Amino acid sequence: MPLIFTPVALPGVTIIEPKVFSDERGYLMETYKRSEFLAAGVDADFVQENHSKSEYGTLRGLHLQRQPKAQGKLVRVIDGTVFDVVADVRHGSPTFGQWVSVILSSENRRSLFVPAGYAHGFCVTSAEAQVVYKMTAEYAPELEEGIRWDDPVLGITWPISSPRLSVRDSRWPGLTERVADKHFG
């Protein structure tokens with residue numbers, strides 16, 4: 001099996017590490033193989049892929065998309081390093097309000113699977129980083145939502161205290177405000 005699947009503390013969130021075949025020419029690795037994902041319990045049909053490039057200190061997130069187009073994501077860094085975070089914001093979940101972080105980099109070549117319903121974000125800790133992520137549903141701006149990156153209820157320990165944020169990401173509500181708003185699911 002060229003892929004190693006390691007579950008983390010949040011149900012369904014999985015680190016995927018490829019077996020890398022290297023020689024004097026460079027390397028080759030499989031980053032996705034449906035049969036192996038299914039055998040590891042990751043049943044996801046990817047329908048969209050995004051590629052972002054960001055500079056040091058950029059924080060993107062925490063993002064998610066509501067039903068009926070909630071997105072599962074397979075996240076991989078192809079250049080640089082990010083501090084990647086997944087937070088459980090699923091109402092009624094036994095791990096609601098908990099989060100995990102994983103270092104994803106072009107050196108460790110890890111991927112991270114984030115099931116639908118979780119909030120996701122990352123902070124660039126190298127000079128720049130390029131992140132590629134596949135999604136299980138197409139982007140639907142009317143269903144987009146987020147959680148404030150520095151929400152005290154979540155208490156995420158980011159590696160940077162004053163990140164570069166988009167205007168949108170600086171305006172997301174906290175987890176408590178999101179739960180109180182019946183519009184969000």
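The values are calculated or read from the model by the stated rules, or taken from the named source; none is laboratory data. Everything quoted here is computed from the prediction, not taken from an experiment. Backbone-built Cβ (ideal geometry, glycine too); neighbour counts: all protein chains shown.
Here are the numbers:
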| quantity | calculated |
| --- | --- |
| Segments classed as strands (runs of 3 or more DSSP E), wholly inside the stretch 53-94, with at least 1 members that are farther than 16 Å from Gly121 by Cβ and in contact with a strand residue (DSSP E or B) (Cβ under 7 Å, 6 or more places away or on another chain) | 73-79 |
| Failed condition for Ser101, given (1) touching a residue at least 12 places away in the same chain (Cβ under 8 Å); (2) part of a loop (DSSP other than H, G, I, E, B); (3) among the small types (Gly, Ala, Ser) | (2) |
| Among residues of the stretch 16-31, those that are in a strand (DSSP E or B) and surrounded by fewer than 10 Cβ atoms within 10 Å (Cβ to Cβ), counted | 3 |
| Contacts under 9 angstrom Cβ, first residue in the stretch 42-54 being in contact (Cβ under 8 Å) with a residue 12 or more places away in the chain and farther than 13 Å from Val75 by Cβ, partner of a type in the set (Lys, Arg) and surrounded by fewer than 13 Cβ atoms within 10 Å (Cβ to Cβ), 6 or more apart | Asp45/Arg34 |
| Candidate set: the stretch 154-182, residues that are of a type in the set (A, V, I, L, M, F, W, C) and modelled with pLDDT of 95 or more; chosen: the one farthest from Gly97 (Cα to Cα) | Val167 |
| Test: residue in the stretch 5-26 that is without any contact (Cβ under 8 Å) to a residue 60 or more places away in the chain, within 26 Å of Arg164 (Cβ to Cβ) and in contact with a strand residue (DSSP E or B) (Cβ under 9 Å, 6 or more places away or on another chain) | no |
| Hits in the stretch 104-118 (condition: free of Cβ contacts under 8 Å to residues at least 60 places away in the same chain and either polar (S, T, N, Q) or under 13 Å from Val75 (Cβ atoms) (or both)) | Leu104, Ser105, Ser106 |
